[in-house]
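Enquirer: Okay, handing you the structure first.
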Amino acid sequence: MSYTAPTLEQKFVLETIADIQQLSGLPGFDSLSGDLVSAIVDEAGKFAEEVFAPLNRIGDEQGATWTDGTVTLPPGFREAYARYVEAGWGSLTANPEYGGQGLPFALSAAVQESLTSANMAFSLCPMLTMGAIEALEAHASEEQKRLYLSRLVTGEWTATMNLTEPQAGSDVGALKTKAERQPDGTYRIKGQKIFITWGEHDCAENIIHTVLARTPDAPGGTKGISLFIVPKFLVNPDGSLGARNDLRCVSIEHKLGIHASPTCVMSYGDNDACVGYLVGEENAGMRAMFTMMNHSRINVGLQGVSIAERAYQGALSYARERVQSARMGAPTRAPVRIIEHADVRRMLLTMKARTEGVRALAYYNAAAVDRGIHGQDDEARKAAKGLADLLTPLTKAYATDTGVEVASLAIQVFGGMGFIEETGAAQHLRDARIAPIYEGTNGIQALDLVGRKLPMDGGEHWQRLFADIRSFADGLAGEGAATTLKAPLADALARLETATHWLATHANRPDDIAGSATPYLRLFASVVCAYLLARQAAEAERRLTTGEGDEGFLSAKVVTARFYIEQILPQDIALLGPVMKGAELLYALSEDQFLAA
């Protein structure tokens, strides 16, 4: 199936939700203009369509291959990555001091979406590198920045994130990889890591592994973890490549999806000669790693957006061509294209509305990150950072769940043909299924939301967001269709407030909080998406009134927002009950009772 980047939609969301024009007035974004934003979104879409998308199918069918520690990508990947580097796509948000363009994360989000829709497995390589750049710029020494950042920014070198070990999945504090300090100030790294995305490949001349490890006298748990740079090839003081480091890819995983993304088992120090370089201070590794992980969690949320968009496009194309059955109530029994059937339209509108909702959420989140760094003053930066922190678990969890659910609906639209690999519909569901798992499972995101993000700064960030939603809903007036969204949006916000206050009053009952976390996150995210879609509908109606923009696109924005708020948002009524029931039923069965008699 072909892919067409939704550039008109992306630019509209950047304008109305990310408020890209206001971002251009912030310190550091002086070179940003409307024309530049439009050009970058258009060119990224073209690049994704022409360079990454044609490799999606071959990547799924052939996948990455492992031979004696060497990983080879399918034909065309190496050349496509070279074109990615040449075009400078990886440098968009990086610091100009290291060769970056210093553009907003929100703009980069649109670019990353297109690349991921075109080829999710391929897009993981630059995504991990972006996260490492963030971590190193924030925590590395000046010498480390000089040696590594410019090559990572260009994409000449790629990077990984090494957390997981066989005995330590989400429980990072259980890791056992060792780091012993040497007289010259370097460390000897020894241990094994699993599930290392793009840990070995043939697309770049060097791979910079960021590795969590424990020094001999470190305290237990996460407090005793340090972060190290462990390059595949050692880097000489002049920046040239030196000897091969003592690390190797032991194997790659055979996975449900993203077959062209090598998921590696990495072994460090088999010959006791693996050199690592401490980033920051000993025992401060988690703080540095979370800089990378928070960036990555938003980008993983974008993967949900991207796969949903790609699956929707395929289903829509098929529905417009496939002829089957007469339309119910039609005067003749002549078969029609299935897009004329009400239930197919319901599925397509659900896919469209869910996808546009989480796109708005992800861009809103990315723009809050930008304002948290570049805001005009300390107060503005604090408020924006608090909003970004609050939204990140929503983006990661709700958007990736949406990717899976929309990809599944796409198969339903295809019918039996969707279950056949040749149509390509099944690949999207297989690829999407990893996103709710990695970078912190969605259950962990829900616990993070209720346990950390809601109480943060006395709850001021969710209170400010709720006030913004209420103010917007109260301000809807006039005769346009958007005004019909006022009451249901206000009612949904009231339910969310009820759930939020219930959690606050049960803060001393951790089982109840944990048991309520997942339905609460879904309730929270669905209300935020409804709010963002309603904002788009109101702006679309304003532009229709003044004669600005594409009439068909703008009127569709209004209908899509109405569908979400009238037919998807009411599901949050059902979520309120599970949130406020706590954990009693979750522990009502003994372990033996989970087994059938």
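The values are calculated or read from the model by the stated rules, or taken from the named source; none is laboratory data. Computed from a predicted structure; not experimentally measured. All Cβ positions, even for glycine, are placed from backbone atoms using ideal geometry, and neighbour counts span all protein chains on display.
Enquirer: Does VAL413 qualify as being buried (at least 22 other Cβ atoms within 10 Å of the Cβ), touching a residue at least 60 places away in the same chain (Cβ under 8 Å) and under 30 Å from TYR3 (Cα atoms)? Give the steps one after another, and end with the answer.
Expert: Numbers: buried (at least 22 other Cβ atoms within 10 Å of the Cβ): yes; touching a residue at least 60 places away in the same chain (Cβ under 8 Å): yes; under 30 Å from TYR3 (Cα atoms): yes.
Taking the combined requirement at face value, the residue satisfies it.
Enquirer: What tally of residues in segment 9-35 results from selecting those that are assigned to a helix (DSSP H, G or I) and either surrounded by 15 or more Cβ atoms within 10 Å (Cβ to Cβ) or in contact with a Pro (Cβ under 9 Å, 6 or more places away or on another chain) (or both)?
Expert: Here is the first cut: in segment 9-35, the ones assigned to a helix (DSSP H, G or I) are 9-16, 20-23, 34-35.
Still in the running and either surrounded by 15 or more Cβ atoms within 10 Å (Cβ to Cβ) or in contact with a Pro (Cβ under 9 Å, 6 or more places away or on another chain) (or both): 9-16, 20, 23.
Final tally of qualifying residues: 10.
Enquirer: Output the residues belonging to segment 47-79 that are touching a residue at least 60 places away in the same chain (Cβ under 8 Å) and at positive phi.
Expert: Result: GLY63, GLY69.
Enquirer: Next up: Which residues, counting only those in segment 453-485, are at pLDDT 95 or above and part of a loop (DSSP other than H, G, I, E, B)?
Expert: Listed by number, the residues that qualify are LEU454, PRO455.
Enquirer: Among the residues of segment 245-274, how many are of a type in the set (A, V, I, L, M, F, W, C), outside any loop (DSSP other than H, G, I, E, B) and surrounded by fewer than 22 Cβ atoms within 10 Å (Cβ to Cβ)? Talk me through it step by step, then tell me what you get.
Expert: Step one: of segment 245-274, the residues of a type in the set (A, V, I, L, M, F, W, C) are 247, 249-250, 252, 256, 258, 260, 264-266, 273-274.
Narrowing further to those that are outside any loop (DSSP other than H, G, I, E, B): 247, 249-250, 252, 264-266.
After this cut, where a residue has to be surrounded by fewer than 22 Cβ atoms within 10 Å (Cβ to Cβ) as well, the list is 249-250, 252, 265.
Going through segment 245-274 one residue at a time, the tally reaches 4.
Enquirer: Between GLY314, GLY304, which is at pLDDT 95 or above and under 20 Å from the mean Cα position of the chain (by Cα)? Reasoning before the result, please.
Expert: Working: GLY314 fails: under 20 Å from the mean Cα position of the chain (by Cα).
Every option except GLY304 fails the conditions.
Enquirer: Separate question: Every residue in segment 533-556 that is among the basic types (Lys, Arg) and buried (at least 17 other Cβ atoms within 10 Å of the Cβ), please. Spell out the reasoning first.
Expert: Going residue by residue through segment 533-556, those that are among the basic types (Lys, Arg) are 535, 542-543.
Selection gives ARG535, ARG543.
Enquirer: Between residues in segment 476-499 that are without any contact (Cβ under 8 Å) to a residue 40 or more places away in the chain and residues that are small (Gly, Ala, Ser), which pairs lie under 7 Å by C-beta distance while being six or more apart or on different chains?
Expert: So the pair list comes out as THR483/ALA477; LYS486/ALA473; ALA490/ALA473; LEU493/ALA473.
Enquirer: Output the number of residues of segment 90-122 satisfying the condition of being hydroxyl-bearing (Ser, Thr, Tyr) and over 18 Å from the mean Cα position of the chain (by Cα). Give the derivation first.
Expert: Of the residues in segment 90-122, the ones hydroxyl-bearing (Ser, Thr, Tyr) are 91, 93, 98, 108, 114, 116-117.
Now narrow it down to the ones that are over 18 Å from the mean Cα position of the chain (by Cα): 91, 98.
The qualifying residues number 2.
Enquirer: Only residues that are within 19 Å of ASN206 (Cβ to Cβ) and polar (S, T, N, Q): list them for segment 66-83, please.
Expert: The answer is THR70, THR72.
Enquirer: Tally up the residues in segment 47-79 that are among the small types (Gly, Ala, Ser), in contact with a Leu (Cβ under 9 Å, 6 or more places away or on another chain) and part of a helix (DSSP H, G or I), please.
Expert: Residues flagged as among the small types (Gly, Ala, Ser), in contact with a Leu (Cβ under 9 Å, 6 or more places away or on another chain) and part of a helix (DSSP H, G or I) within segment 47-79 amount to 2.
Enquirer: Ok, one more. How many residues are crowded, with 23+ Cβ neighbours inside 10 Å and either among the β-branched types (Val, Ile, Thr) or in contact with a Lys or Arg (Cβ under 8 Å, 6 or more places away or on another chain) (or both) if we restrict to segment 130-152?
Expert: Total satisfying the criteria: 2.
Enquirer: How many residues, within segment 351-407, are free of Cβ contacts under 8 Å to residues at least 24 places away in the same chain and outside any helix (DSSP H, G or I)?
Expert: 1
Enquirer: Please find, within segment 416-435, the residue that is surrounded by the fewest Cβ atoms within 10 Å (Cβ to Cβ) out of those that are outside any helix (DSSP H, G or I) and β-branched (Val, Ile, Thr). Give the derivation first.
Expert: Initial filter on segment 416-435 (outside any helix (DSSP H, G or I)): 420, 424, 433-435.
Then keep just the ones that are β-branched (Val, Ile, Thr); that gives 420, 434.
Details: ILE420: 13, ILE434: 24.
Residue satisfying both the conditions and the ranking: ILE420.
Enquirer: Something else now. Please tell me if GLU143 is more than 19 Å from GLY269 (Cα to Cα) and not in a strand (DSSP E or B). It would help to see each step written out before you state the result.
Expert: Details: more than 19 Å from GLY269 (Cα to Cα): yes; not in a strand (DSSP E or B): yes.
Against the criterion (more than 19 Å from GLY269 (Cα to Cα) and not in a strand (DSSP E or B)), GLU143 qualifies.
Enquirer: Can we say ALA514 is at pLDDT 95 or above and either closer than 30 Å to TYR318 by Cβ or assigned to a loop (DSSP other than H, G, I, E, B) (or both)?
Expert: Values: at pLDDT 95 or above: yes; either closer than 30 Å to TYR318 by Cβ or assigned to a loop (DSSP other than H, G, I, E, B) (or both): no.
No; evaluated as a whole, the condition is false for this residue.
Enquirer: Among the candidates ALA44, ALA82, which residue alone is surrounded by fewer than 17 Cβ atoms within 10 Å (Cβ to Cβ) and either free of Cβ contacts under 8 Å to residues at least 60 places away in the same chain or outside any loop (DSSP other than H, G, I, E, B) (or both)?
Expert: Working: ALA44 fails: surrounded by fewer than 17 Cβ atoms within 10 Å (Cβ to Cβ).
Answer to the selection: ALA82.
Enquirer: Ok, one more. Filtering segment 238-271 down to residues that are small (Gly, Ala, Ser) and touching a helix residue (DSSP H, G or I) at 6+ places or on another chain (Cβ under 8 Å), which residue is nearest to TRP198 (Cα to Cα)?
Expert: Going residue by residue through segment 238-271, those that are small (Gly, Ala, Ser) are 239-240, 242-243, 251, 257, 260-261, 267, 269.
Now restrict to residues that are touching a helix residue (DSSP H, G or I) at 6+ places or on another chain (Cβ under 8 Å): 239, 257, 260-261.
Working: GLY239: 23, GLY257: 14, ALA260: 9, SER261: 6 Å.
Only one residue tops the list, namely SER261.
Enquirer: Which of the residues spanning segment 570-596 are within 32 Å of the chain's Cα centre (by Cα) and in a loop (DSSP other than H, G, I, E, B)?
Expert: Hits for segment 570-596 are GLY582, ALA583.
Enquirer: Counting only residues that are farther than 18 Å from LEU152 by Cβ and either in contact with a Lys or Arg (Cβ under 9 Å, 6 or more places away or on another chain) or not in a loop (DSSP other than H, G, I, E, B) (or both), how many does segment 279-290 have? Don't jump to the end; show me each part of the working.
Expert: So the first thing to find is which residues in segment 279-290 are farther than 18 Å from LEU152 by Cβ, and the list is 281-287, 290.
When the remaining residues are screened for being either in contact with a Lys or Arg (Cβ under 9 Å, 6 or more places away or on another chain) or not in a loop (DSSP other than H, G, I, E, B) (or both), the result is 282-283, 285-287, 290.
Residues flagged as farther than 18 Å from LEU152 by Cβ and either in contact with a Lys or Arg (Cβ under 9 Å, 6 or more places away or on another chain) or not in a loop (DSSP other than H, G, I, E, B) (or both) within segment 279-290 amount to 6.
Enquirer: Then there's this: Could you look through segment 277-301, keep only residues that are farther than 30 Å from ALA425 by Cα and β-branched (Val, Ile, Thr), and pick out the one that is farthest from the chain's Cα centre (by Cα)?
Expert: VAL279
Enquirer: Scan segment 123-139 residue by residue and report those that are without any contact (Cβ under 8 Å) to a residue 60 or more places away in the chain and not acidic (Asp, Glu). I'd like the intermediate steps shown before the answer.
Expert: As a first pass, look at segment 123-139 and keep what is without any contact (Cβ under 8 Å) to a residue 60 or more places away in the chain: 126, 129, 133, 137.
If the condition is that a residue be without any contact (Cβ under 8 Å) to a residue 60 or more places away in the chain and not acidic (Asp, Glu), then PRO126, THR129, ILE133 are the ones that fit.
Enquirer: Kindly indicate whether any position in segment 309-320 is crowded, with 24+ Cβ neighbours inside 10 Å, closer than 15 Å to ALA109 by Cα and aliphatic (A, V, I, L, M).
Expert: no
Enquirer: Can you give me the number of residues within segment 186-226 that are among the small types (Gly, Ala, Ser) and free of Cβ contacts under 8 Å to residues at least 60 places away in the same chain?
Expert: So the first thing to find is which residues in segment 186-226 are among the small types (Gly, Ala, Ser), and the list is 191, 199, 204, 213, 218, 220-221, 224, 226.
If we keep only those that are free of Cβ contacts under 8 Å to residues at least 60 places away in the same chain too, we end up with 220-221, 224, 226.
Adding up the residues that qualify gives 4.
Enquirer: Run TYR438 past the list (1) over 19 Å from ARG359 (Cβ atoms); (2) in contact (Cβ under 8 Å) with a residue 24 or more places away in the chain; (3) out of contact with any Phe, Trp or Tyr (no Cβ under 6 Å at 6 or more places or on another chain); (4) part of a helix (DSSP H, G or I) and report the number of the one that doesn't hold.
Expert: The single condition TYR438 does not satisfy is (4).
Enquirer: Moving on. Report, by residue number, each residue of segment 441-451 that is among the polar types (S, T, N, Q) and assigned to a helix (DSSP H, G or I).
Expert: Within segment 441-451, the first condition is being among the polar types (S, T, N, Q), and the residues that meet it are 441-442, 445.
Passing the criteria: ASN442, GLN445.
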